[in-house]
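The structure follows.
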Amino acid sequence: MASTLDWVLVSIGEILVAIGVFFDIVAAIGMLRFPNFFVRLHAATIGAIGGAFVPLIGVAIMSVGCDFLGRYRFFIAGAAAVTAVLILILAPVGSHVLAKAAHESRTAVVQPKVVDHLEEDRMTRGEEK
Amino acid sequence: MAMDLQFEVSMFITIVIPLFLGAFVMYIVRALKGPTIPDITLAIDCLSYDLAAFLALLSIYFRSPILIPCAIVLALWVYALDIYVAKYLLKKEMGE
């Protein structure tokens with residue numbers, strides 16, 4: 001039968017996966033309802049880190065506890081941990097690069113704008129050059 | 001323990017799967033509706049990272065580790081998509 005350690009690991013993993021799913025749904029709603037691209041970046045990073053990194057760590061912990069998987073559980077745990085670390089590094093870089101490109105190429109217009117210092121800097125730099 | 005571990009994990013995952021699918025549908029709606037190119041890539045970006053987590057979860061549910069390498073490759077590939085789109089938007093070339 002599953003020992004108490006397995007139950008502890010599985011419950012920790014399930015809590016993390018549940019938190020991850022909650023973040024995932026919140027980020028998805030945010031992606032739908034936010035006004036323009038730059039505000040949607042907030043939802044995207046929540047969806048990428050909270051919605052993908054946290055469940056992956058949960059899966060990694062949970063799969064170690066699932067003894068019914070036999071040898072496969074360590075393979076799943078290792079690969080899930082590797083994917084989690086990869087996403088932790090790649091997601092912010094990817095969204096940063098996308099935001100820079102979107103702002104510089106003006107494809108994403110800043111709709112409800114109060115002030116855009118980057119644009120002003122770019123204008124002044126544009127005139128000097 | 002009263003309940004069997006395997007049954008409990010399977011029940012939990014069957015509860016979580018529709019929630020994940022609901023989030024995916026919302027991302028796809030944003031990807032289709034997205035007015036600008038960066039919006040679309042952002043939605044695909046998030047969709048695929050969550051898909052990688054979903055694949056890892058499914059590999060526990062189906063008790064076979066065949067899905068896991070695909071999750072790693074998917075995370076890397078979506079990052080490459082971001083870089084290509086950003087490079088195209090900035091310099092109108094993909095860096096071949």
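Sorted by packing (mean other beta-carbon atoms within 10 Å per residue), highest first, where do B:28-36, B:79-87 land?
Listed from highest to lowest mean packing, they are B:79-87, B:28-36.
Follow-up question, since we're still on this one. I need the calculated FRET efficiency for the pair residue A:123 and residue B:7, taking r as the beta carbon distance and R₀ as 41 Å, to the nearest 0.05.
Working from the Cβ atoms, E equals 0.05.
Considering the Cα trace of chain A, what is its radius of gyration and what is Dmax, both in angstroms?
Cα only, chain A: 20.5, 74 Å (Rg, Dmax).
Above 23 angstrom, tally the Cα pairs of the range B:2-91 and express them as a % of all pairs, no decimals.
Taking all Cα-Cα pairs of the range B:2-91, the fraction more than 23 Å apart is 37 percent.
Per the helix-only calculation at 222 nm, which mean residue ellipticity applies to chain A, given -39500 (n - 2.57) for every DSSP H run of n ≥ 4 and division by its residues, nearest 500 deg cm²/dmol?
-25500 deg cm²/dmol
What's the average, rounded to a whole number, of partner chain beta-carbon atoms within 10 Å of each residue's beta-carbon in B:62-71?
Mean partner-chain Cβ count within 10 Å for B:62-71: 5.
Can you work out the accessible area per residue across the range B:1-88, with the rest of the protein chains kept in place, probe 1.4 Å, in square angstrom?
About 45 Å² of surface per residue is accessible.
Work out the FRET efficiency for residue B:61 and residue B:40 from their Cβ-Cβ distance, taking R0 = 30 Å, and round it to the nearest 0.05.
0.50
Right, something else. Across the residues of B:11-19, average count of Cβ atoms on other protein chains within 10 Å?
The mean count of partner-chain Cβ atoms within 10 Å per residue comes to 3.
Just the projected area, averaged over all directions, of the convex hull on the alpha carbon atoms of the protein assembly as shown: how many nm²?
Reported value for the Cα convex hull: 13.8 nm².
Over the whole of A:104-114, what's the average partner chain Cβ count within 10 Å per residue? Rounded to a whole number, please.
Other-chain Cβ atoms within 10 Å of each residue's Cβ, averaged: 3.
Ok, one more. If the cut-off is a Cα-Cα distance under 29 Å, which lysines reach residue B:33, setting aside same-chain residues fewer than 8 apart in sequence?
The qualifying lysines are A:100, A:113, B:87, B:91, B:92.
Same structure, new question: Going 7 Å from the Cα of residue B:17 along its beta-carbon direction, which residues of the range A:1-40 have the amide nitrogen within less than 17 Å of the resulting point?
A:18, A:21
Note down the relative contact order for the range A:4-125 as a percent, whole number, built from C-alpha pairs under 8 angstrom at least six residues apart.
29
Still on this model: Please find the FRET efficiency linking residue A:15 to residue A:93, where r is the Cβ-Cβ separation and R0 is fixed at 25 Å, and quote it to the nearest 0.05.
0.30
The values are calculated or read from the model by the stated rules, or taken from the named source; none is laboratory data. Computed from a predicted structure; not experimentally measured. FYI the Cβ positions are ideal-geometry reconstructions off the backbone, even for glycines, and counts take in every protein chain you see. Each accessible area value is taken on the protein alone, full model and side chains, heavy atoms only, with ligands, DNA and RNA left out. Shrake-Rupley method; radii C 1.70, N 1.55, O 1.52, S 1.80 Å.
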